[in-house]
Amino acid sequence: MEIRHLRLIKEVAEKGSLTQAMDGLFLSQSALSHQLKEVEKQLGTPMFHRLNKKLVLTGAGKIMLEAAEQILAELDKATIAVKKHVGGDIGTIRLATECFTCYHWLPSLMIGFNREFPNVEIEIHPEISTDPVKKILEGKLDLAIVSCEVEDPNIRCTQLFTDELMALVPADHPWTAKKYVEAEDFAEEQVIVHSYPLHTISLFKRLLIPNGITPKKVIPIQITEAIVEMVKAGMGVKVIARWIIEPYLHDKRLSVVPVTREGLSREWYVATLNRPESPQYLENFKAHMKCNIKGACKVSVPS
């Protein structure tokens, strides 16, 4: 039994004859007659009585019509869902970031995206911060926000924005007299970080580790407000994106100092699987992030 046979039974039952069913099925009367004989041969019983040139369902035909209506309705529903999926109107995006600071701007972008694509569900996996790219390759994530370009042919990276990292210190800290701080200045400091491992943090990866510098102490704190209070109390320094700390700098107990003469910045990327059949809704989300990131945080967006 094939889908065309189900469509035939439904159309003939509604129209009452093969002649009337021709227009709806776009087949000749002889082709429809041949198909009907195929069905009746397979099932071993007639589907229709021939009464005064009109085809009327038999008992077996009524059973098949009920099944045909259910199956064809589900098939139509599935077809529409697939078209919406391909067209970017429906789907699920599983995402994570390698840095908790991204959650400062990510929710506002998600809200804006869902206004435009209400049937695309976004799942955030905050527990995946260490090597989210690996989870993409394992099929456990669809998208990751990372602070360095990934050198893997299976991963496609789209540049998102650039942010400047500054040293946040108490207003009376000795660093405030400096034009900038260097790697060795961190040797006697308690350095606050959002999370481990240290080799994934820009300050350590690009400045401290290459220069062989180990801070006096490293303190992990994930909540920005708690970090600010720790710094104000003189209990540590924090290298943080300027756009994150900007709202807190009205407090005269805080100050920021550039890191190195050249400055310390990060390039942020959206990482996804490098595949030609990438779902359209995923491409839509990447485009939405690229277009709206400047409104979510004060950063430099590549043209």
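The values are calculated or read from the model by the stated rules, or taken from the named source; none is laboratory data. Since the structure is predicted, the reported quantities are computational estimates derived from the model, not experimental observations. Please note: Cβ atoms are built from the backbone with ideal geometry, for glycine as well, and neighbour counts cover all protein chains shown. Remember, those area values only see protein heavy atoms, side chains included, never the ligands or the DNA or RNA. Shrake-Rupley method; radii C 1.70, N 1.55, O 1.52, S 1.80 Å.
When the Gaussian network model of the chain links Cα atoms closer than 10 Å, the mean-square fluctuations of HIS104, HIS173, HIS49 top out at HIS49.
Put simply, the amide H of PHE161, placed in the peptide plane, has neighbours under 5 Å in TRP268, leaving out anything fewer than 5 places away on its chain.
When the pairs LYS135/LYS217; LYS54/LYS77; LYS179/LYS238; LYS252/LYS290; LYS134/LYS205; LYS217/LYS294 are compared against a 26 Å limit on Cα-Cα distance, LYS135/LYS217; LYS54/LYS77; LYS252/LYS290; LYS217/LYS294 fall above it.
When both region 208-230 and region 112-139 are represented by their alpha-carbon centers, they are found 27 Å apart. Projecting the Cα atoms of PHE285, VAL270, VAL257 onto the charge dipole of the chain, computed from C-beta unit charges around the Cα centre, puts PHE285 farthest toward the positive end. Can you tell me, using C-alpha contacts under 8 Å and at least 6 residues apart, the relative contact order of the chain as a whole percent? Normalised by residue count, the contact order of the chain is 22 percent. Computed over protein heavy atoms with a 1.4 Å probe, the accessible surface of the chain works out to 54 Å² per residue. Ignoring ligands, DNA and RNA, what percent of the accessible area of the chain is carbon or sulfur (1.4 Å)? C and S fraction of accessible area: 53 percent. Cβ-Cβ distance of ILE111 and LEU72, R₀ of 22 Å, FRET efficiency by 1/(1 + (r/R0)^6): the value works out to about 0.05. Taken as entire DSSP H runs, the helices of the chain that both span 20 Å or more between Cα atoms along their own long axis and average -0.5 or more on the Kyte-Doolittle scale are 59-87.
If only the Cβ of Lys and Arg carry +1 and only the Cβ of Asp and Glu carry -1, the dipole of region 37-158 around its Cα centre is close to 1080 debye.
Determine the order of LYS290, LYS54, LYS41 by accessible area, beginning with the largest, at a probe radius of 1.4 Å.
Working: LYS290 60, LYS54 110, LYS41 175 Å².
Sorted descending by solvent-accessible area, the residues read LYS41, LYS54, LYS290.
Using alpha carbons only, what's the Rg to Rh ratio of the chain with Rh from Kirkwood?
Working: Rg = 31.5 Å, Rh = 24.1 Å.
Using Cα coordinates only, the ratio equals 1.31.
Suppose only helical runs count, i.e. DSSP H with n ≥ 4. What mean residue ellipticity at 222 nm does that imply for the chain under -39500 (n - 2.57) per run, divided by all residues and rounded to the nearest 500 deg cm²/dmol?
Values: 9 runs with 112 residues, N = 303.
Taking each H run of at least 4 residues, the total per residue is -11500 deg cm²/dmol.
A cut-off under 14 angstrom between Cβ atoms defines the neighbours of GLU74, and their net charge, with Lys, Arg +1 and Asp, Glu -1, is 0.
For the charge dipole of region 1-158, defined by +1 on Lys and Arg C-beta atoms and -1 on Asp and Glu C-beta atoms about the Cα centroid, which residue among HIS34, LEU55, GLY112 has the Cα displaced farthest towards the positive pole? Toward the positive end, the furthest listed residue is LEU55. Based on C-alpha pairs under 8 angstrom that are at least 6 apart in sequence, region 190-276 has a relative contact order of 30 percent.
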